[in-house]
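A.B. asks: Can you keep this structure in mind? I'll have questions shortly.
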Amino acid sequence: MNPFRIALALSLMNLSQLSAQEADSAILIRSVYHNPISPVADLYVADKSGAMVKLNLVVEGLGAPQVARTTNGTLMLFTQPNVDPKNPSASLAATSKVPEQIKQADLLIFPAPENAKPPYRVVLIDDAPNVFRKGQSRVINLTAVEIALQAGEHKLPLPSGKITEVPAVTKVNEYNMAQTNFYYKQADEWVAFTERQLQYLDTTRRIFLVHLTPGSTEPVVRTIVDTTPEVPVNKGK
């Protein structure tokens, strides 16, 4: 075989392997910090090159997308940008295993119980457009209470600590509104703690966080609305 063709084939193979390695070590993320008592936090993550950058967090909604680096399939957040390479755990804020098939995700970050190490917890939602589709919702029950949801035609249990997928609501009125109720189990009775009408559109996604606040007598729902348009990918000719 022509030596030039052999060298070219080897170069292409090496580039292919490098691209695969880079894909395996990077993930596109958008982040939310949830802490009703102290809603602001400064957290840091390694970018694709390994440099430490500030996590994009906003007061309401999902932060701007950013590329983050994973190490051995784990995403790590830190409390400061200057991480001691000999003792990284000293500034470790949270870790999350990233399943191999997930290439983009929503990170929901919560404070851990008092004196816990590391001091934060992360829940990861697969954010791929073909997985978390427009019109759908996700619910995370952060309580130990038995919770249920009725959204339009859907009636779903919300297990504690789990992510529940809510299909698109199709039974809506002329304004695309549908009744959306959350219930908790008290003895043998279901008690509504949130009752409202929401507009369901095929351009919008929601993440519902069911949680407790200090001194509260019933759960509370925080709603994160995502109206980010999908940017078409130019695949070339």
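A.B. asks: Across the range 187-229, what is the total count of residues that are part of a strand (DSSP E or B), in contact with a strand residue (DSSP E or B) (Cβ under 9 Å, 6 or more places away or on another chain) and charged (D, E, K, R)? Before the answer, list the steps.
C.D. replies: From the range 187-229, those part of a strand (DSSP E or B) are 189-199, 205-211, 220-226; that's our starting set.
From what is left, the residues that are in contact with a strand residue (DSSP E or B) (Cβ under 9 Å, 6 or more places away or on another chain) are 190-199, 205-211, 220-226.
So of that shortlist, the ones also charged (D, E, K, R) come out as 195-196, 205-206, 222, 226.
Selection size over the range 187-229: 6.
A.B. asks: Having 1 or more residues that are not assigned by TED's automatic domain parsing to the domain that holds Leu43 and not small (Gly, Ala, Ser) is the bar; report the strands (runs of 3 or more DSSP E) wholly within the range 73-177 that clear it. Even if it seems obvious, please write down each step before you answer.
C.D. replies: Numbers: elements: 74-78, 92-97, 104-111, 120-126, 137-141, 147-151, 154-158, 163-166.
So the answer is 137-141, 147-151, 154-158, 163-166.
A.B. asks: What is the residue count in the range 159-180 for residues that are of a type outside the set (D, E, K, R) and farther than 14 Å from Arg138 by Cα?
C.D. replies: Restricting attention to the range 159-180, the residues satisfying the condition of being of a type outside the set (D, E, K, R) are 159-161, 163-164, 166-170, 172-173, 175-180.
Subset that is farther than 14 Å from Arg138 by Cα: 170, 172-173, 175-179.
Residues flagged as of a type outside the set (D, E, K, R) and farther than 14 Å from Arg138 by Cα within the range 159-180 amount to 8.
A.B. asks: Moving on to the next point. Take Tyr184 and tell me if it is farther than 22 Å from Ser31 by Cβ, in a strand (DSSP E or B) and in contact (Cβ under 8 Å) with a residue 24 or more places away in the chain.
C.D. replies: So Tyr184 fits the description; yes.
A.B. asks: Considering only residues that are hydrophobic (A, V, I, L, M, F, W, C) and part of a strand (DSSP E or B), look in the range 30-67 and name the one that is nearest to the chain's Cα centre (by Cα). Explain how you work it out, then say what you get.
C.D. replies: Restricting attention to the range 30-67, the residues satisfying the condition of being hydrophobic (A, V, I, L, M, F, W, C) are 32, 37, 40-41, 43, 45-46, 51-53, 55, 57-59, 62, 64, 67.
Filter once more, so that each one left must be part of a strand (DSSP E or B): 32, 45-46, 52-53, 67.
Details: Val32: 7, Val45: 15, Ala46: 17, Met52: 20, Val53: 19, Val67: 14 Å.
That would be Val32.
A.B. asks: Return the residues of the range 57-89 that are polar (S, T, N, Q) and loosely packed, with under 14 Cβ neighbours inside 10 Å; say none if nothing qualifies.
C.D. replies: At the first step, the residues of the range 57-89 found to be polar (S, T, N, Q) are 66, 70-72, 74, 79-80, 82, 87, 89.
Across the range 57-89, the qualifying residues are Thr71, Asn72, Thr74, Gln80, Asn82, Asn87, Ser89.
The values are calculated or read from the model by the stated rules, or taken from the named source; none is laboratory data. For clarity, every value in this text was computed on a predicted model and none was experimentally measured. Note that we place each Cβ from the backbone using ideal geometry, even for glycine, and neighbour counts take in every protein chain shown.
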